[in-house]
Amino acid sequence: MTDTAVERASKLDTATLSDALDKLRILGQCYKVAPRDHGFRMTGRAYTVLYGPASNPPGTVGDYLDQVQPGQVVVLDNGARDDATVWGDILTEMAHVKGVAGTVIDGICRDSALCIELGYPVFSRGAWMRTGKDRVQVEAEQVPVTIGGARVAPGDILRGDADGVVVIPQEHEAAVLDAAEAIAQAEVGIRKAVRAGMSITEARQRYGYHKLQTAGQDGE
């Protein structure tokens, strides 16, 4: 069964979605979470995992992947920790085989070469090789988490591209997508007008570009 909202989001870039989120006063930009390869593109609904410091004896790090469904995005909140990884080559290969849409980490990953080789999208704050085993553990699954300062709840849509990741809250997805599509359509019109010789000032005014990006206002 086609998820229409995910399909619509997949046709929009993160910059356009970011403008729509700003217009609706929704914080959905995942700060400093970037693709391991600029060619990565990702769209899907969130399967969230919350990490914490390891107990004694330590808990598990990656068994949750058995529960993730094809087309979902694995969303890992490791509290922006940059000294221990929560994602590596085994998880990359398993997720790729399962048809998972991608992985987003508020923290770091390792084995970046394999995700690039397989074309499996991973977005994180960086990459470093030290394992998270015995350092962190899964505290909860399918709970609200924080990624780059943005709240992500299970089922929210995540869209990733060369510029980073945005989250579209499920309860606002219709409004965000409508606003983003209006912005995208205006941008197409502006480009065509400028190519035809119109000044960018006049073109933006004609298509109500600034109002489309301003909170609480509609385009002209």
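A short reminder: the numbers here are calculations on the coordinates, not readings from a lab. Given the structure is predicted, the values throughout are model-derived calculations rather than measurements. Don't worry about glycine lacking a Cβ; one is built from the backbone with ideal geometry, like all the others, and counts go over all protein chains shown.
Worth pointing out:
- Considering helices alone, the calculated mean residue ellipticity of the chain at 222 nm is -9000 deg cm²/dmol, with DSSP H runs of length four and up weighted by -39500 (n - 2.57) and normalised per residue.
- Cβ-defined net charge surrounding A34, 11 Å radius [Lys, Arg +1; Asp, Glu -1]: 0
- Shape of the range 27-168, Cα gyration tensor, a/c cut at 1.5: rounded
- Charge tally around T43: other residues with Cβ under 10 Å, Lys/Arg +1 each, Asp/Glu -1 each, net +2.
- Charge context of D83, other residues only, Cβ under 9 angstrom, K/R +1, D/E -1: +2
- Ranked by the mean number of other Cβ atoms within 10 Å of their residues, highest first, the peptides 120-128, 189-197 come out as 120-128, 189-197.
- Distance (nanometres) between label positions extended 7 Å along Cα→Cβ at D22 and I90: 4.3 nm
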